[in-house]
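Visitor: Below is a structure I'd like to ask you about.
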Amino acid sequence: MRKAVIAVSRGGLETSLKIKGFLDCDVYVLSKYSGQDGVKPISTGLREFVGDVFQNYREIIMVMSCGIAVRSIAPYIKSKLSDPAVVVLDEKGNHVISLLSGHLG
């Protein structure tokens, strides 16, 4: 399964890189924080970018506030039969919330 990790802050990028050490995943970050090897920039608006990620990944880890995550995925949620799994972590990686399980998709 393809996995994406998305961060919107410098601290989120640090946590994303730790995740990448454990999982085979693609790491995306706002372009102003990109520049490290293996990190891909988000070159569009976050909501538009998440729409593309929803189509191309089965597991999405969002390192950001839950509010930002919910607002960015809301337009793309269709069905538990097809939506990817989505979890949200705070930027330090201390707390995790499952937003969409992806268990049937």
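Visitor: Taking into account only those residues within the range 64-93 that are charged (D, E, K, R) and surrounded by fewer than 12 Cβ atoms within 10 Å (Cβ to Cβ), which is nearest to LEU23 (Cα to Cα)?
Guide: Restricting attention to the range 64-93, the residues satisfying the condition of being charged (D, E, K, R) are 71, 78, 80, 83, 90-92.
Pick out the ones that are also surrounded by fewer than 12 Cβ atoms within 10 Å (Cβ to Cβ) and you get 78, 92.
Values: LYS78: 27, LYS92: 17 Å.
That would be LYS92.
Visitor: So the check is Cβ under 7 Å with 6+ separation or different chains; which pairs have a first residue in the range 45-64 that's touching a residue at least 40 places away in the same chain (Cβ under 8 Å) and a second one that's aromatic (Phe, Trp, Tyr)?
Guide: That search, which allows pairs on different chains as well, returns VAL50/TYR76.
Visitor: Next up: In the range 65-86, how many are outside any loop (DSSP other than H, G, I, E, B) and either over 17 Å from ASP52 (Cα atoms) or touching a residue at least 40 places away in the same chain (Cβ under 8 Å) (or both)?
Guide: Step one: of the range 65-86, the residues outside any loop (DSSP other than H, G, I, E, B) are 66-76, 85-86.
So of that shortlist, the ones also either over 17 Å from ASP52 (Cα atoms) or touching a residue at least 40 places away in the same chain (Cβ under 8 Å) (or both) come out as 66-68.
Number of matching residues: 3.
Visitor: Let me ask another. Test of understanding: among GLY11, GLY45, GLY35, GLY21, which residue is more than 12 Å from the chain's Cα centre (by Cα), at positive phi and small (Gly, Ala, Ser)? Full working, then the answer.
Guide: Working: GLY11 fails: at positive phi; GLY45 fails: at positive phi; GLY21 fails: at positive phi.
Of the residues listed, the single one that is more than 12 Å from the chain's Cα centre (by Cα), at positive phi and small (Gly, Ala, Ser) is GLY35.
Visitor: Regarding ILE6, is this residue open to solvent by 70 Å² or more (accessible area, probe 1.4 Å) and not charged (D, E, K, R)? Give the steps one after another, and end with the answer.
Guide: Details: open to solvent by 70 Å² or more (accessible area, probe 1.4 Å): no; not charged (D, E, K, R): yes.
Against the criterion (open to solvent by 70 Å² or more (accessible area, probe 1.4 Å) and not charged (D, E, K, R)), ILE6 does not qualify.
Visitor: Output the residues belonging to the range 94-105 that are open to solvent by less than 60 Å² (accessible area, probe 1.4 Å) and assigned to a loop (DSSP other than H, G, I, E, B). Can you show your working first?
Guide: Kept after step one, since they are open to solvent by less than 60 Å² (accessible area, probe 1.4 Å), are these residues of the range 94-105: 99-100, 102, 105.
Hits for the range 94-105 are GLY102, GLY105.
The values are calculated or read from the model by the stated rules, or taken from the named source; none is laboratory data. What you are looking at is a predicted structure, and each value in this text was computed from that prediction instead of being measured. Backbone-built Cβ (ideal geometry, glycine too); neighbour counts: all protein chains shown. With ligands, DNA and RNA removed, areas are computed over all heavy atoms of the protein, side chains included. Shrake-Rupley method; radii C 1.70, N 1.55, O 1.52, S 1.80 Å.
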